[in-house]
Amino acid sequence: MQTSSSVDYGYLRQLVFGLSLNVLDPSRDYLFETRLTKLLRNQGMSQLEELVQHLKLRKNPVLERSIAEAMTINETSFFRDSRPFELLRTELLPKLIEARRNTRGLRFWSAACSTGQEAYSIAMLLHEHFPLQAGWNFRIEGTDICSEVMERAQAGRYHRIEMNRGLPARFVVRYFDHVGEDWEVKPEIRKMCNFRLANLGSSPLPFSRIDERFDVIFLRNVMLYFSQETRKTLLAGIHKVLAPDGILFLGSSEQPADPSIWTPMLAGGTCHFRPRQPS
Ligand SMILES: C[S@@+](CC[C@H](N)C(=O)[O-])C[C@H]1O[C@@H](n2cnc3c(N)ncnc32)[C@H](O)[C@@H]1O
């Protein structure tokens, strides 16, 4: 794919970094051409160069935000990398449920949840495998920086191709309604999930109340777009909002930037992390 020598890609990369902390490699500058086509059309522009000139002349926070959002990678699927879900079901959740038998509640955070499949997967897993906890308060918070994917997560509506990725057939029948060409998450699963816009680069993190710590956090496949410094700051914040006996899942190729505050645990063919407490 071609890039144009007259476009100031450095300016665009810096703009994206300033808003989402995503570090874009210059070798992938061509992505600006493909991902900003629609935005250019909506602005009545035909060239990236025009867009950059326009932004340099006059600040436009709404447009800048749309550019940063358009450059996010929103790849996801139901029960992605199935092992963390399997481990939760067989080992980790039974223990957490036992530990929370007095408060009868568990809080989950699907951070950078894209179109919501990760959050809904957790909700379906709880509903399907822990029916005895029907009276418990299970809350799943889903957050992402991109408004388009947040709207889709809130709608809980998926195309056949998305349904075919990772979702057991019996879950389709049990937890979705067929609406036109799409499938919509049933209300009993939807009501367990709450979605909102949040930037993981903001400080403090969206959930900072000490009395509302999370029991399980999924922070998967987003840190790979961040610098080492951003990862370190983010994981220090995550450490604060995770219960002392809570569980952190990262993407299969991701590691904590500061290993001194996390204990890696190998189980079920995957790795999860426990927060280390200061001694
Ligand atoms: C590849 S998806 C991962 C989705 C899901 N966690 C998974 O593993 O399937 C990465 C998501 O991170 C979001 N993202 C990128 N930068 C972010 C930021 N600074 N704050 C919050 N979300 C961000 C993107 O919008 C995108 O939806």
**OP:** Determine ³J(HN,Hα), in whole Hz, for all residues of segment 175-188 in sequence, where each value follows from phi through the Karplus function 6.51 cos²θ - 1.76 cosθ + 1.60 and θ = phi - 60°; x replaces Gly and Pro.
**Re:** 10, 9, 9, 7, 10, x, 7, 10, 10, 10, 4, 5, x, 5
Original post:
Can you tell me the Rg and Dmax of segment 1-148, counting just the alpha carbons, in angstroms?
Top reply: 21.3, 64
**OP:** Kindly express, to the nearest 10 degrees and within the range 0 to 90, the angle between helix 117-129's C-alpha long axis and the longest C-alpha principal axis of the chain.
**Re:** 10
**OP:** Sequence neighbours fewer than 8 away in the same chain don't count; with that in mind, list the lysines whose C-alpha is under 29 Å from residue 191.
**Re:** 95, 240
Subject >> Phi to ³J(HN,Hα) by Karplus 6.51 cos²θ - 1.76 cosθ + 1.60 over segment 211-225, Hz, x for Gly, Pro >> reply: 7, 10, 6, 8, 8, 9, 10, 9, 10, 10, 6, 10, 5, 5, 8
Original post:
With N residues in segment 153-279, what two-decimal value do you get for its Cα radius of gyration over 2.2 N^0.38 Å?
Top reply: 1.25
**OP:** Compute the long axis of helix 61-70 from its Cα atoms, compare it with the longest principal axis of the Cα atoms of the chain, and write down the angle in degrees, 0 to 90, nearest 10.
**Re:** 70
Subject >> segment 198-262: GluC sites (Glu not before Pro) in DSSP coil with no more than 11 other Cβ atoms inside 10 Å >> reply: none
Original post:
Once the Cα atoms of helix 48-57 and of the chain are each reduced to a long axis, what angle between those two axes, in degrees from 0 to 90 to the nearest 10, is obtained?
Top reply: 90
**OP:** Select from segment 226-272 those trypsin sites (Lys or Arg not before Pro) which occupy a DSSP coil region and have at most 16 other Cβ atoms within 10 Å, ordered by residue number.
**Re:** none
Original post:
Residue-wise, which Karplus ³J(HN,Hα) couplings in Hz belong to segment 260-266, taking 6.51 cos²θ - 1.76 cosθ + 1.60, θ = phi - 60°, and x for glycine or proline?
Top reply: 5, 9, 10, 9, x, 10, 9
Original post:
Kirkwood Rh, the chain, all Cα pairs: how many Å?
Top reply: 20.2
Subject >> Directionally averaged projected area (convex hull, Cα atoms, segment 51-104), nm² >> reply: 7.1
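Tell me the net charge near residue 111. Cut-off is 9 Å between Cβ atoms, residue 111 excluded, with +1 for each Lys or Arg and -1 for each Asp or Glu. Kindly include the intermediate steps, with their values, before the conclusion.
On the way: positive: 220; negative: 141, 144.
Taking every other residue near residue 111 into account, the sum is -1.
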Original post:
Counting DSSP beta bridges in the chain, what percent are antiparallel, to the nearest 5?
Top reply: 40
Original post:
Using the Cβ atoms and a cut-off under 13 Å, what net charge is assigned to the surroundings of residue 196, where Lys and Arg are +1 and Asp and Glu are -1?
Top reply: -2
Subject >> segment 19-73: Cα Rg divided by the 2.2 N^0.38 Å rule of thumb >> reply: 1.09
Original post:
What ranking do 142-153, 49-60, 77-88, 183-194 get when scored by the average of other Cβ atoms within 10 Å per residue, highest first?
Top reply: 142-153, 77-88, 183-194, 49-60
Original post:
What is the set of long-range amide H partners of residue 145 at a cut-off below 5 Å, with H atoms built 1.01 Å from backbone N?
Top reply: 198
Subject >> Computed over segment 165-238: relative contact order in percent, which uses C-alpha pairs under 8 Å that are six or more apart >> reply: 20
**OP:** Determine the relative contact order of the chain: mean sequence separation of Cα pairs under 8 Å and six or more apart, normalised by residue count, in whole percent.
**Re:** 17
Original post:
On average, how much accessible surface per residue is there in segment 158-256, in Å², for a 1.4 Å probe, leaving out ligands, DNA and RNA?
Top reply: 51
Original post:
Nearest 0.05, what FRET efficiency do residue 28 and residue 53 give at R0 = 25 Å with Cβ-Cβ as r?
Top reply: 0.65
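The values are calculated or read from the model by the stated rules, or taken from the named source; none is laboratory data. It should be emphasised that the depicted structure is a prediction, and the values quoted were computed from it without experimental measurement. Positions of Cβ are backbone-derived with ideal geometry, glycine not excepted, and every protein chain shown enters the neighbour counts. Please note that ligands, DNA and RNA were not included when accessible areas were found on the heavy atoms of the full protein model with its side chains. Shrake-Rupley method; radii C 1.70, N 1.55, O 1.52, S 1.80 Å.
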